[in-house]
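Asks: Right, I'll just put the structure down here and ask away after.
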Amino acid sequence: LRSLVVDGIIAGVGSVLVFLPQIVILFLFLGFLEDTGYMARAAFIMDRFMRGVGLHGRSFIPLLSGYACAVPGVMSTRTIENREDRLATIMVLPLMSCSARIPVYTLLIGTFIPSVAVAGIFNLQGVTLLAMYLLGTLSALAVAAVFKRTLLRGQVRPMIMELPPYRLPRLRVLLTTVGHRASMFLRRAGTVILAISIVLWALATYPKTEPAPGVPEAVAQEQQLENSVLGRIGHAIEPAVRPLGYDWKIGVSIVSSFAAREVFVSTMGTIYGVGSGADESSVALRDKLLAERDPGTGMLVYSPLVAVGLMVFYVYALMCASTVAVVHRETGGGRTGLQWAAFQFGYMLALAYGAAFLVYRVGLAFGWGI
């Protein structure tokens, strides 16, 4: 029971809850832009630029909403009248780095990217985070341009929309909006992530392996994990992710994160069984990742190159069951919706795998893998 609570629930859910403050800050700024009436004007201003990649000016608001969550962003595309424009927006919207990616970015950047100055002004960790956001945004625009010239070819219609007056946001309304969005994140942490953390704990704990006499506790824990159901599943997945520089633990974490991207962090926390609280589990998980060594070679398993490749993978991969479900519904449902959802998941997974492979192999060629 103690292991279930500490190594399963607290290590899993706690390692995600620690990122709630950063997510609330993101929601606060987006809510401020919406309540001041600036969003509509931004869409009007961006209309000419969006036409350059074949999208409608109204696509700007759903794409910007995608930084918070892709689900409401996909639903907000209903304001786009033209079917091809709407489908193109939906197909690229999950490439915008949503709040669910923040725990993954923060864990990997805080663990593997040094906090050093860049050009005497910027911090390398901040530059890396910005680079992930820019990569997703520029990729979304590039993919949209390809779709509008091939699969979803069509003429972009003129943009006509009513501009609301500028106004100061009401603090109560703003805080209510932020609180509602934060509560959605907490409900997912208390339901989906909680359930997955318990299941993963059980898979990592059973069947029980009795350690040999005199074996150190750390070695015994590693042997237990290797021989567990989770370890066996991970080793079956490992050949698919090994070309990207990932081991079986990252492979299991990627697969489990299809429920929600932030589950990657909770899965790693459950695998390593770290912490007695949110802050402690986050620090302990970082220490575990930095200290992880290959038992055969004695070399570090995780490196900055692996971390960057993994972040690039999550920039592109559609690891979000909720988004897949809402895309299926918003693209017509039934067989048609299933085809669009499957196409979106497939092309984004191919982009993620190819980009992560390229990052890792080019990095190794330049000697950055150590």
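Asks: Just one of (1) open to solvent by 30 Å² or more (accessible area, probe 1.4 Å); (2) not in a helix (DSSP H, G or I) trips up Leu318, so point out which.
Replies: That leaves (1) as the condition not met.
Asks: Tally the residues that are open to solvent by 50 Å² or more (accessible area, probe 1.4 Å) and either aliphatic (A, V, I, L, M) or part of a helix (DSSP H, G or I) (or both), restricting the search to region 212-222.
Replies: Counting residues in region 212-222 that are open to solvent by 50 Å² or more (accessible area, probe 1.4 Å) and either aliphatic (A, V, I, L, M) or part of a helix (DSSP H, G or I) (or both) gives 6.
Asks: Kindly provide the set of residues from region 172-206 that are among the hydrophobic types (A, V, I, L, M, F, W, C) and open to solvent by 70 Å² or more (accessible area, probe 1.4 Å), ordered by number.
Replies: Scanning region 172-206 gives Leu175, Met184, Leu186, Val199.
Asks: While we're here: Can you tell me which residues in region 94-116 are outside any helix (DSSP H, G or I), surrounded by fewer than 21 Cβ atoms within 10 Å (Cβ to Cβ) and not aliphatic (A, V, I, L, M)?
Replies: Of everything in region 94-116, those that are outside any helix (DSSP H, G or I), surrounded by fewer than 21 Cβ atoms within 10 Å (Cβ to Cβ) and not aliphatic (A, V, I, L, M) turn out to be Pro114, Ser115.
Asks: Scanning region 131-152 for residues that are more than 24 Å from the chain's Cα centre (by Cα) and touching a residue at least 60 places away in the same chain (Cβ under 8 Å), which turns out most open to solvent (accessible area, probe 1.4 Å)?
Replies: Arg149
Asks: While we're on this one: Filter region 1-36 for residues that are of a type outside the set (A, V, I, L, M), more than 24 Å from the chain's Cα centre (by Cα) and surrounded by 15 or more Cβ atoms within 10 Å (Cβ to Cβ) and give the result.
Replies: Those that are of a type outside the set (A, V, I, L, M), more than 24 Å from the chain's Cα centre (by Cα) and surrounded by 15 or more Cβ atoms within 10 Å (Cβ to Cβ): Asp35, Thr36.
Asks: Something else now. Would you check which residues across region 241-250 are surrounded by fewer than 20 Cβ atoms within 10 Å (Cβ to Cβ), touching a residue at least 40 places away in the same chain (Cβ under 8 Å) and part of a helix (DSSP H, G or I) and list them?
Replies: Pro243
Conditions tested, residue by residue: (1) among the β-branched types (Val, Ile, Thr); (2) over 25 Å from Leu129 (Cα atoms); (3) in contact with a Pro (Cβ under 6 Å, 6 or more places away or on another chain).
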residue	(1), (2), (3)
Leu310	no, no, no
Val315	yes, no, no
Leu318	no, no, yes
Ala325	no, yes, no
Ala341	no, yes, no
Leu358	no, no, no
Arg361	no, no, no
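Asks: Mind checking whether some residue in region 2-9 is modelled with pLDDT under 85 and among the acidic types (Asp, Glu)?
Replies: yes
Asks: Right, another one. Look through Thr209, Thr267 and report the one residue that is on the phi < 0 side of the Ramachandran plot and either part of a helix (DSSP H, G or I) or open to solvent by less than 20 Å² (accessible area, probe 1.4 Å) (or both).
Replies: Unique residue meeting the criteria: Thr267.
Asks: Identify, please: which residue in region 41-66 is open to solvent by 40 Å² or more (accessible area, probe 1.4 Å) and of a type outside the set (A, V, I, L, M, F, W, C) and is, among those, farthest from Phe313 (Cα to Cα)?
Replies: Taking the candidates together, the pick is Arg41.
Asks: Please find, among Gln155, Gln125, the residue that is without any contact (Cβ under 8 Å) to a residue 40 or more places away in the chain, more than 30 Å from Phe44 (Cβ to Cβ) and open to solvent by 20 Å² or more (accessible area, probe 1.4 Å).
Replies: Just one listed residue meets the conditions, Gln125.
Asks: Any residue at all in region 125-134 that's more than 27 Å from Tyr38 (Cβ to Cβ) and assigned to a helix (DSSP H, G or I)?
Replies: Looking for residues that are more than 27 Å from Tyr38 (Cβ to Cβ) and assigned to a helix (DSSP H, G or I), one finds at least one in region 125-134, hence yes.
Asks: Applying the selection to region 224-240, what residues are buried (at least 16 other Cβ atoms within 10 Å of the Cβ) and free of Cβ contacts under 8 Å to residues at least 40 places away in the same chain?
Replies: Within region 224-240, Gln224, Ser228, Gly231, Ile233, Gly234, Ile237, Glu238 qualify.
The values are calculated or read from the model by the stated rules, or taken from the named source; none is laboratory data. Remember, it's a predicted structure, so these values are computed and weren't measured experimentally. Backbone-built Cβ (ideal geometry, glycine too); neighbour counts: all protein chains shown. The protein model used for the area step is the full one, side chains on, heavy atoms only, and it has no ligands, DNA or RNA in it. Shrake-Rupley method; radii C 1.70, N 1.55, O 1.52, S 1.80 Å.
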